[in-house]
Structures are given as C-alpha cells and as structure tokens.
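S.K.: Sharing a structure here in structure tokens format.
Derivation of every value follows stated rules applied to the coordinates shown; laboratory data play no part. None of the values given here were measured: they were computed from a predicted structure. FYI the Cβ positions are ideal-geometry reconstructions off the backbone, even for glycines, and counts take in every protein chain you see.
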Amino acid sequence: MSSATATDVGARPVRAGRRPPLAWVGTVPFLAYAAVFLLLPTGLVIWNAFKGNSGGWTFANISALNTGPVRSAFTGSLQLCVISSVIGAILGAILAYAVASGDPDGLIRRLYIAGSGVLAQFGGVTLAFAFLATIGPAGLLLHASWYLNFPWGISLIYCYFQIPLMVLVFLPAVDGLKIQWREAAENLGGSTWHYWRYVAGPLLAPAFTGAALLLFANALSAFATIEAWEDQVNYVVPQSIGGSLISEVGLANVHEGDALALGMIVVVVIVMTGYFLLQGRAARWQR
Amino acid sequence: MAKLIAAAKKEGTLNVIALPADWANYGNIIKDFTAKYGIKVTSIAPSDSSAQEVTQIQQKNGTSLAADVLDVGGSVATASTSLFAPYEVSTWSAIPAGLKEATGLYVGDYGGYMSVGYDSAKFGTITSLSQLLGSKFKNDVALNGNPTQANAALNGVMMASLASGGSAGSIANGVNFFHQLKQAGNFNTTQATPATIKAGTTPVVFNWDYLNTAAVVGQPASTWKVFIPSDATLGGFYYQAVNKGAPHPAAARLWEEYLFSQASVGGQNLWLTGGARPSEQVAMTSNGSIDKTAAAALPPVVGTPIFLTQTQATAAATYLAANWQKAIG
C-alpha cells in the first residue's frame, strides 16, 4: 500500500495546477438566463421608476407611493400574505408530518405528493371561478356572504394552493428527523412534549420559517386569482400595478407602475434575505 | 378603391387588436372581411384594454407583429394622436362632425347607451335605478370592470350619477349611489362576464346596451331584458384609428373602408346587427341603406342622450381615482 501511495504522489500531473479552472463554464447558461430574465428586468424597473411620462428624471412616481390607495394596497398585500402564509404553513406542516410518519413507499404518500404538486400550481381565473361557483353569493354548495370579504375570503382561496406548496417544501425537512433521536429522548426519560420542545421543534424551526417565507413571497406576487375574485378595489399591490398599465379612462401611468413594482422588490428583498439567513441555519444540521 | 384593394391583397394580412368576437359583432365582421377580400386577419389579445392597444403598437412598431388598426375609447384616442395616421374614408361626409377628428386621426365607429341588463324572471320589470337599492337585489348588481380602469364601468357609474341628480360634469352622485348599493349589500364586486351571468352570480349588469343583449350574454331573450333609464340616457362611442407605423398600411385602410361601408353586409350594418349603433346611422336611415330589422331590435331610447366631452370624462376619472376605492372598500 505504501508503494501505491508513493506512486500516486509521484504521478500527480505537475502542470494541473497551472491549467485555468474551467468548472465555471457550466454555470454560464444559468447566469446568462438569470441576467436576461431577472437582473435586466429588475434594473429596468428601477431605472424607469425614476422616469417621467414626458421624459426626464423625477421623484414624482416614488412620492405617489405615499398616497392613500397605494398605502392601503401595500397594507392589504402584507395582510393577505401573512394570513395565507401562516395558515398555509401551519396546516401544510401538520399534513407534511402526517405524510412523513406514514409508510415511506406507501400509496398514500405518493398520492399526497402528486396531488400537492398539481394543486400548488392551481390558481388564477379557474381557481377564483371554482370558489365563486361553489361558495359565492349564488354558490352551489353554500351562499357565503363572507366570500368577498378581504382579507379572509381571499385568504381561504389562497390557502388552496399555499397548503400543498407547504407540504412539498417542508416534507424533506420532516423526513430528515431520525427515529433514533426520538428513541434517544425517550431513553433519557423525555416525554413527547420534551422531544418536540427540545429536539424536533428547534431542528425544524428554521426550515419551517424558511418555507413560510417562501409562501409569503408566493402570495405577494399572485395577481390573476385576486383580480378574478374581486374587481372593484385594488386590495393588493399587483392590482394597483395592473391599473396603472391598463386604465383606459386616462389614469394609466406606466412609470407609476414601475415605482409600485420597485416597492414590491424592496418587500421581496427583505423577505428573501430572511429566507436565505434561515436556510443557512437549516442547512447546518441537514448535512 | 380598386388600387387599394389590390395593394391590400398583396399584403395579404391585417393585424387587429382587442376585438372580442362577441363584442359588437366583431367575430362576424372579421369573418366577412376575410371572405370578401381573402385577407387573413390576425386577432391580437382580444380582451386587452384601449390603453394596452396603444402600448402594443409602441412596443411592436417596426415589426410585422404591430397592430395595424385600433378601436379605442375617447380618452385614449385623444391622448395618442401622435401614433395615428390620418385617414378619411369614402363615407367621411356621412359621419357626424362631433364624432370625428377634423383631419381623420380618429373617427367614431360605433356606440351605444349605458343600460341595465337583468333577469326579468327573477326580478320582474326594472323601471328605475333606485329600485336596485331594494332588498331583493342582494349581491346581484355588477359592473363591467373597475371604473378607474374600464370605460364601460366609468360610464356605468356616470349613468347612476345622472339618474340620482348628478350632471355630466360631476360623477360624485354616482359614486355615492354605489356606496349605498354596497352598504345595502347589493353591489357584487366581481366583474360581470357572460360566464358569471350564466352562473347566476351577476344577474343585474351595468354595461353598454350592445354588450348587454341576450345573444351576447347567452341568456334567453324572453327573460333577459335591457333597460335604458329615461333620466340617464348616457351614450358613448368608440373610435377607429390607423397605426402610423402599420406593417400592413393598405390592408389597414381597406379595413377602415369596410368598417364604414354602408353595404347591406358591411361594417356599419354588421355592427347594427350586433346591437351597436353605427356612426353613420342617421345618414343611412335617410338614404335607406340601413338594416331596418336590426335597427328596430335596438332597445328603446326615451330620454335626451348625453355624451361626455373629453373634459367631463377626465374630470370623472380624476374624481374616481380619489374616491372610488373609499366609497366601496
């Protein structure tokens, strides 16, 4: 063995260290894609948010953010995102735990994962209309007057895709819980409460919060569902942006839309920074 | 005309935008135009708003994808004249002076009156807007769009204003009417479409009369009624404009000639068949070229028609921007 080791060391190509590393080439398509479809549009939004309608630079679009309707749209966005992501995260986490504690190769688990994958993508006009026809004012199942209530009525509709999304993103973390940890806790005389309070809870907390933040961002950008649900009040920021682009009665102002989008970018940056910080913590024990 | 037809046929294609097939009979108009001249019509984004039409030509001009012709509301037409090419159709003199820009940058094509379409089997006959505040209309009354965005919805609120003592210069009473409607629990904030009407969700709809006909909303003519209030007879027109950078300039002009043609199967009479009132209606009634059956089928108009001026429309939009959300939120 010692001779083999010696051969290995002697055989190491001396010039290898001088060859320029080419591993980065593989990332070029991704980086180019991100630059064209993420960085460039973001840059354009920021640039245009400071442009006036008749050319030139202005802060008018930014100061328009501090008006009643826009403030209430940002408040509405935050309400809807917090409510739908908290409810979605809690119910989705419980469901994920139930799925994880079942047979890992069982039919139920496969059904849940496949079903969640489909339902997490269901949204827009079809989803809003499905709820309208089922529990709307003239619904087939019940005539729910609270259906058009903001934020609770629309939060219920958002939960329809938030809960399955939570199952999908949280399940890997729950699967990471080892049965031996529970056994160890019990061997040391710990109760179920102790296990959740001191072992599983702290381990899952970063993944849970990270997944909840992802749900938050998901709800923030949704437009078609809420627009089809309700048309008269701009409850959330994407609706205000829509209005600034399509108004045909003389109220359209594309650059004000850019300023609104800039406001959303700020919210997303804050949320995603939190997400990445938490992901860093979650990754430490998952390794 | 023969030269124009030859040039248009050579181009072979026409791009139109924001023309839903069930809007003022556009589905048949496009079909007949293609059958007549053998020019393929590409219908871009049928459900776009007037503002989006203008954005499309700003973004796509210089490519073969830009819309050749636009059909836009008054506010957008007057604000976008730098993008239009002036064109006077051969029936220019038959179009009332109030409906056309003097050099032909934009020309009124068809219009109608604000109306209330409703299911008479459910509600009986509606004779005044104030009835809608009653308890049997719980959650039933809807607009076609958001009045800060859509022309049809803005005019719906204006009709309510006129019917409750307001004037064309002030939409405040209309906003107040919808506030009361909301307080009574009668205002349904879902946008009314043929689908929501079919589902029974929006059985009372404020909309242009040509979009409120039983045929367009897919309801039996025996029960779906259209009512134009005599104390709030509010008219509105749409406008044709030719894109200055049209990729198919001859086809665009031939399309205009076709739309304003008084032929028995031509743009003006086809709009009329779809329930809209073509801009040459008065001239066609006096020269006898009008489709009399279609004209007789229009919902009756009793009061004195009011048309908003551009200043009045802008004032209404500005008031709505500041007050609509507060009134019904």
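S.K.: Within region A:228-262, list the residues whose amide N lies under 11 Å from a label point set 7 Å along Cα→Cβ of A:Phe37.
M.R.: No residue qualifies, since no backbone N sits under 11 Å from the label point.
S.K.: Would you compute the Debye intensity of the protein assembly as shown from its alpha-carbon atoms alone, equal scatterers and no solvent, and pass along log10 I(q)/I(0) at q = 0.09 Å⁻¹ to two decimals?
M.R.: So the normalised log intensities are -0.84.
S.K.: For region A:60-135 and region B:267-319, what is the centre-to-centre distance using only Cα atoms, to the nearest Å?
M.R.: 47 Å
S.K.: Next question, about the same structure. Testing the spin-label approximation: label points 7 Å from Cα along Cα→Cβ at B:Asp22 and A:Thr192. State their distance in nm.
M.R.: 5.5 nm
S.K.: Over 26 Å between Cα atoms: which of B:Lys36/B:Lys198; B:Lys182/B:Lys225; B:Lys36/B:Lys225; B:Lys122/B:Lys326; B:Lys10/B:Lys31 fall into that group?
M.R.: Details: B:Lys36/B:Lys198 35 Å; B:Lys182/B:Lys225 23 Å; B:Lys36/B:Lys225 35 Å; B:Lys122/B:Lys326 31 Å; B:Lys10/B:Lys31 19 Å.
Check vs 26 Å cut-off fails for B:Lys36/B:Lys198; B:Lys36/B:Lys225; B:Lys122/B:Lys326.
S.K.: In whole percent, what relative contact order does region B:1-109 give with Cα contacts below 8 Å and a gap of six or more residues? If you can, show how the numbers build up before the last one.
M.R.: Values: 114 pairs, mean separation 26.0, N = 109.
Result for region B:1-109 is 24 percent.
S.K.: Then there is this: Comparing B:Ala283, B:Ala85, B:Ala221, which has the greatest mean-square fluctuation in the GNM of chain B with Cα pairs linked when under 10 Å apart?
M.R.: Most flexible of the set in this elastic network: B:Ala221.
S.K.: Give me the percent relative contact order of chain A, please, defined on Cα pairs under 8 angstrom at least 6 residues apart. It would help to have the intermediate numbers written out before the result.
M.R.: Details: 295 pairs, mean separation 77.6, N = 287.
Rounded, it is 27 percent for chain A.
S.K.: Let me ask another. Calculate I(q)/I(0) for region B:162-312 by the Debye formula, one identical point scatterer on each C-alpha and no solvent, and give its log10 at q = 0.08, 0.21 Å⁻¹ to two decimals.
M.R.: -0.32, -1.36
S.K.: Counting Lys and Arg as +1 and Asp and Glu as -1, each charge on the Cβ, what is the dipole of region A:67-283 about the Cα centre in debye, to the nearest 20?
M.R.: Details: 7 positive and 11 negative charges, 116 e Å.
With only Lys, Arg, Asp and Glu charged at Cβ, the dipole is about 560 debye.
S.K.: Just the Cα atoms of chain B: what Rg and Dmax do they give in Å?
M.R.: In Å, with Rg to one decimal and Dmax whole: 19.7, 63.
S.K.: Let me ask something else about it. Calculate how many DSSP beta bridges within chain B are antiparallel, expressed in % of all such bridges and rounded to the nearest 5. Can you show the working numbers first?
M.R.: Numbers: 25 of 37 bridges.
If we restrict to bridges inside chain B, about 70 percent are antiparallel.
S.K.: Please name whichever of B:Thr81, B:Ala35, B:Ala168 sits farthest to the positive end of the charge dipole of chain B, dipole taken about the Cα centre and charges placed at Cβ: Lys and Arg +1, Asp and Glu -1.
M.R.: It is B:Ala35.
S.K.: According to a simple spin-label model (label point 7 Å from Cα along Cα-to-Cβ), what is the distance in nm between A:Asp105 and B:Thr34?
M.R.: Between B:Thr34 and A:Asp105, the simple spin-label model gives 5.6 nm.
S.K.: Let me ask another. What angle do you read, to the nearest 10 degrees and between 0 and 90, between the alpha-carbon axis of helix A:152-175 and the longest principal axis of chain A?
M.R.: Helix A:152-175 sits roughly 10 degrees off the main axis of chain A.
S.K.: Further question on the same structure: Which whole-number percentage describes the relative contact order of chain B, with Cα contacts under 8 Å and a sequence gap of 6 or more? Provide the component values of the computation, followed by the final result.
M.R.: On the way: 643 pairs, mean separation 88.5, N = 329.
Answer for chain B is 27 percent.
S.K.: Principal axis extents for region A:67-283, Cα atoms only, whole Å, descending order, please.
M.R.: 72, 42, 26
S.K.: Any idea what the dipole of the protein assembly as shown comes to, in debye rounded to 20, about its Cα centre with Lys/Arg Cβ at +1 and Asp/Glu Cβ at -1?
M.R.: Details: 33 positive and 30 negative charges, 307 e Å.
Result for the protein assembly as shown is approximately 1480 debye, rounded to the nearest 20.
S.K.: Under unit Cβ charges (Lys, Arg +1; Asp, Glu -1), what dipole magnitude, rounded to 20 debye, does chain B have relative to its Cα centre? Before the final figure, lay out the partial values.
M.R.: Details: 19 positive and 18 negative charges, 81 e Å.
Magnitude of the dipole: close to 380 debye.
S.K.: What ranking of B:Val265, B:Val226 emerges when the number of other C-beta atoms within 10 Å of each C-beta is taken as an exposure proxy, fewest first? Display every interim value, and only then the final one.
M.R.: Details: B:Val265 14, B:Val226 23.
Ordered by Cβ neighbours within 10 Å, fewest first: B:Val265, B:Val226.
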